[in-house]
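Working notes, structure below.
Every read-out reported here was derived from the displayed coordinates using simple, explicitly stated rules and does not represent laboratory data. Quick caveat: nothing in here was measured; it's all calculated off a predicted structure. Cβ sites come from the backbone with ideal geometry, for glycine too, and all protein chains shown count toward neighbours.
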Amino acid sequence: QNRLINLEIFTVKSGLHLIGSSQPIVAAPGDDVILPCRVDPELDAVGKTVEWSRPDLRPTGPQKRVEYVFVYRFRKTDRDMMMDTYIQRTSLSQDGLRRGDVSLTIRNVSLQDQGRFRCFIPRLGVEAELLLVVGEERVQTAGSDPDLLDFFSS
C-alpha cells in the first residue's frame, strides 16, 4: 500500500508546473509590483517552502550562500535567509498560497531591483523565472511601442 501512495504523489508532482510571465514586468521607481507566479494545476502551497531569488546576483559572504529575495517556509517568512534590502519590502499573500498563487509583491521598487527573479518550490521541484524592468519613466502603452525594448535596453 505504501508503494501505491508514493506512486500517486510522484504522479501528482510530475504533472505540476509553475506559471510566471513570459513578458517582462515593467515598473517605474517607487512603484509596487507583483511578480506573478502560480502552481498549475491549482494546489494548496501553505505547507510548502517557496524561494524567490535573483539568479543574476552572485552569492556573497564567507559561505558564498545564495541570498534570497524572499523565503517562505514552516508557514512563515524566513528573514534570516533574505537580503536586507528585501526584508521590509516583499510579501506573499496567505490567501493566494491556499490557491497555489506564490506571486511576490515588491514595494517601492528601485533601479537596483531590475533583473531576473526566480521562483522555486523545492518540494515540488518546479521553478519559473521572470524579468523585472525598472525604467525612469512610466510607459503607458507597453504593447504598442516598438521602441520600448530599445528604451529599456539602453
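Stretching ARG79 away from THR105 to a fully extended chain increases their span by 7.8 nm, per 0.36 nm per residue minus the current alpha-carbon distance. The local environment of THR49, defined by Cβ-Cβ distances under 9 Å, has a net charge of +1 under the rule Lys, Arg +1 and Asp, Glu -1. Counting 0.36 nm for each residue step from GLN94 to ILE34 and taking away their Cα separation leaves a gain of 20.2 nm.
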